[in-house]
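Have a look at the structure below before the remarks.
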Amino acid sequence: MAALRPLLFLTSALTFLEAIICVVWAQTSPQTIYDDLRAILSSRSEVVLTEDPTYTRDFTPRYNTAGEPTYIVGVKPALVTDVQRVLTYAVGSNISFLATGGGHGYSSSLGRMEGGINVDLDMFSTVQVDSDARTMTVGGAARADQVATALQAAGMEIPVPQCPCVGFSGATLGGGIGPYSGLYGPISDSLLSVEMVTGDGRLLNVSQTQHQDLFYAVKGAGFNYGVATSLTYRIYPATNGGQTMNADMMFSGSLNGSVWELAKQFAATQPKELSIGFSVRYSSEPTLNGIIITANFIYAGTQDAGVALIQPFLDLQPLYLNISTVMWKNIPAVANNGAILTVGCKPGVYYVPYGLNLYQIDVQNLISVVNYMDDAMTTKPTLRRASVVWQQYASYGFNLQAKDSSAFPHRDTVAFLQVGGVAVDATQGPALNKFGRETRDLLQRGNGEHELGVFVHFAHGDEVPAAFYSSAKLPALETLKEAYDPSGLFSWYNPVVSRDREC
Ligand SMILES: Cc1cc2nc3c(=O)[nH]c(=O)nc-3n(C[C@H](O)[C@H](O)[C@H](O)COP(=O)(O)OP(=O)(O)OC[C@H]3O[C@@H](n4cnc5c(N)ncnc54)[C@H](O)[C@@H]3O)c2cc1C
């Protein structure tokens with residue numbers, strides 16, 4: 001595929017303003033783009049045509065292949081100035097580009113990017129912990145498991161996404177949630193500063209004292225404004241000596257009303273150390289044969305105290321029970337019998353995601369959703385590949401910082417839900433999409449008058465921006481977009497504002 005190319009080639013890759021001057025365009029071949037990038041990037045950087053087998057072998061794979069972005073050239077910048085140079089070159093050549101962190105972003109909005117440059121941040125993957133200063137600095141592509149491992153070794157902690165392969169920085173830029181969010185809020189609340197190449201080509205250090213407006217936006221909408229090359233966080237001494245209780249249970253779907261009643265009771269008083277997860281799905285095992293609910297409880301405290309807390313769920317007499325004490329970093333390997341580690345770290349799946357926040361627990365509505373799932377999955381086996389996954393954290397952590405402290409708008413969420421389906425192949429996509437949309441709509445009925453809200457990283461990509469960022473916060477985020485990304489370069493992933501480039 002050929003891309004547009006300016007007749008005026010930029011000799012100085014960093015003169016950004018020159019680069020965005022509209023010029024007469026001619027076709028540019030992938031080979032020319034390759035040659036141009038090779039010429040302007042530092043020697044340690046990698047440039048590979050995507051048709052080259054090296055690309056598939058060496059570049060970060062995408063978790064979700066449904067509607068994935070397509071590229072003609074992959075770049076692994078070695079230096080921050082390389083990131084600036086790619087950006088400037090791409091603008092000057094009118095070629096789209098997208099940063100890749102952990103490759104786990106799954107919004108269908110990413111599929112709008114076609115034939116661009118993949119800026120794989122793989123060389124920005126370091127994690128440095130300073131336990132005396134209680135800070136951690138990570139590269140733009142550091143993964144959740146790297147962070148958890150480094151912090152556990154240092155006797156410290158921070159909320160991390162439950163999937164260990166997710167980009168920690170990528171997650172942070174959308175807020176980021178995990179089992180310890182009940183203690184500390186979204187991951188972005190722990191950010192102290194971010195080094196970022198913005199859409200206007202500048203390299204900025206962004207914090208509470210520098211570019212404070214952008215710092216606000218980075219904490220929940222960050223991928224709209226630039227490439228974060230390095231992020232520094234506040235970290236916390238490990239709770240309970242870094243040990244946590246993990247409890248997995250399974251209930252028959254017929255008990256779902258009782259499960260939702262308990263979930264509602266817990267939501268009102270949930271201790272900050274406790275996180276609750278449910279997965280509602282269909283089991284074809286002969287002994288179960290129908291809807292089941294698996295439940296997961298993570299308690300940052302002693303096993304005795306945790307078991308006492310979750311006794312009401314134990315009283316429902318789960319069909320399966322497994323309780324253990326594990327090191328905090330090993331939660332993904334143990335929780336849900338390790339399902340997240342197995343499924344979440346296997347790239348190349350055809351995943352059909354939908355999501356929404358629950359702002360209250362409407363037990364009757366949830367029962368009708370489970371009935372709908374049961375009917376749909378009984379009659380259409382393809383839909384048995386779908387599930388509703390529920391994360392319920394204590395409100396304590398989310399209320400530690402003021403609502404207007406950042407772009408993250410979901411502090412009043414009671415449960416973060418994902419309606420997801422993993423298709424065998426694309427032919428199952430339409431059925432799973434229809435099911436996902438219908439289930440989301442049914443679940444949303446339980447929110448009463450509240451507008452649809454969805455944690456930006458759990459979104460399908462068909463929602464309006466107000467669903468990711470809230471109507472209240474959107475105008476300010478749009479204004480910041482004008483200031484830091486006036487050409488709308490960073491508009492591929494659940495954008496604040498979707499804008500076609502001019503010129
Ligand atoms: C199996 C699975 C489990 C998940 N579990 C959780 C969870 O428990 N908690 C949670 O919060 N989220 C979770 N997520 C969602 C996850 O946080 C998002 O998918 C997030 O976008 C992943 O970031 P990434 O870097 O891996 O993705 P990528 O696909 O690399 O990036 C996604 C978007 O962010 C941008 N981006 C990434 N890094 C940077 C950067 N350094 N600078 C600028 N832009 C960047 C990319 O350009 C792209 O637009 C999960 C996702 C999956 C697939």
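Where a number appears in this text, it was derived from the coordinates with a stated rule and is not lab data. Computed from a prediction, not measured in an experiment: that's the story for all the values here. Note: ideal-geometry Cβ built from the backbone for every residue, glycine included; neighbour counts use all protein chains shown.
Computed per residue of the chain from DSSP H runs no shorter than four, each worth -39500 (n - 2.57), the mean residue ellipticity at 222 nm is -8500 deg cm²/dmol. Taking a 28 Å limit on the Cα-Cα distance, which of the listed pairs K403/K481; K272/K346; K76/K473 fall beyond it? Over 28 Å apart, Cα to Cα: K272/K346; K76/K473. Only the Cβ atoms of Lys and Arg (+1) and of Asp and Glu (-1) were treated as charged; on that basis the dipole of the chain about its Cα centre amounts to roughly 240 debye. For the stretch 369-381, 3J(HN,Hα) computed residue by residue from phi via the Karplus equation (6.51, -1.76, 1.60; θ = phi - 60°) reads 5, 5, 4, 4, 4, 4, 4, 4, 6, 5, 7, 10, x Hz, glycine and proline entered as x. Debye-formula intensities of the stretch 230-269, expressed as log10 I(q)/I(0) at q = 0.19, 0.27, 0.28 Å⁻¹, are -0.79, -0.97, -0.99 (one equal scatterer per alpha-carbon, no solvent). For D375 and D213, the difference between the fully extended length at 0.36 nm per residue and the C-alpha to C-alpha distance is 53.4 nm. Phi angles of the stretch 204-213 translate, via the Karplus equation with coefficients 6.51, -1.76, 1.60 and θ = phi - 60°, into HN-Hα couplings of 10, 9, 10, 7, 5, 10, 10, 6, 4, 5 Hz per residue; Gly and Pro are given as x.
Once a ≥ b ≥ c are taken as the square roots of the eigenvalues of the Cα gyration tensor of the stretch 389-500, is the result rounded (a/c under 1.5), prolate (a/b larger than b/c) or oblate (a/b not larger than b/c)? Could the numbers behind the result be given before it?
Details: a/c = 2.17, a/b = 1.20, b/c = 1.81.
The shape class here is oblate.
Efficiency by 1/(1 + (r/R0)^6): what FRET value for E438 and D315, r their Cβ-Cβ distance, R0 = 35 Å, to the nearest 0.05? Write out the running numbers ahead of the final one.
Numbers: r = 33 Å, r/R0 = 0.95.
My answer for the efficiency is 0.55.
With a Förster radius of 30 Å applied to the C-beta separation of N337 and R44, the computed FRET efficiency comes to 0.10.
Full extension of the segment from V307 to R445, taken as 0.36 nm per residue of separation minus the current Cα-Cα distance, would add 46.3 nm. Take the Cα of L255, go 7 Å toward its beta carbon, and the backbone nitrogen atoms of the stretch 305-321 under 19 Å from that spot belong to 306-321. The HN-Hα couplings worked out from phi for the stretch 134-141 by the Karplus form 6.51 cos²θ - 1.76 cosθ + 1.60 (θ = phi - 60°) are 6, 9, 9, 10, 10, x, x, 10 Hz, whole numbers, x standing for Gly and Pro. Classify the stretch 68-170 as rounded, prolate or oblate from the Cα gyration tensor: take a ≥ b ≥ c as the square roots of its eigenvalues, call it rounded if a/c is under 1.5, otherwise prolate when a/b beats b/c and oblate if not. It comes out oblate by the Cα gyration axes. The residues H410, H457, H104, when put in order of fewest to most other Cβ atoms within 10 Å, stand as H410, H104, H457.
Partner aspartates and glutamates whose Cα lies under 19 Å from the Cα of K329, excluding those fewer than 8 positions away in the same chain, are identified as D130, D145, E157, D248, E273. Distance from the alpha carbon centroid of the stretch 188-251 to that of the stretch 48-105 works out to 22 angstrom. Our summary of shape: the Cα atoms of the chain have principal axis extents of 72, 55, 43 Å, ordered from largest down, in whole angstrom. For K434, the aspartates and glutamates whose Cα comes closer than 14 Å to its Cα, not counting residues fewer than 8 places off in the same chain, are D462.
In square nanometres and to one decimal, what's the mean projected area of the convex hull around the Cα atoms of the stretch 288-412?
Values: hull surface 42.0 nm².
That works out to 10.5 nm².
Please compute the net charge surrounding Y350, taking Lys and Arg as +1 and Asp and Glu as -1 over other residues with Cβ under 13 Å from its Cβ. Local net charge: +1.
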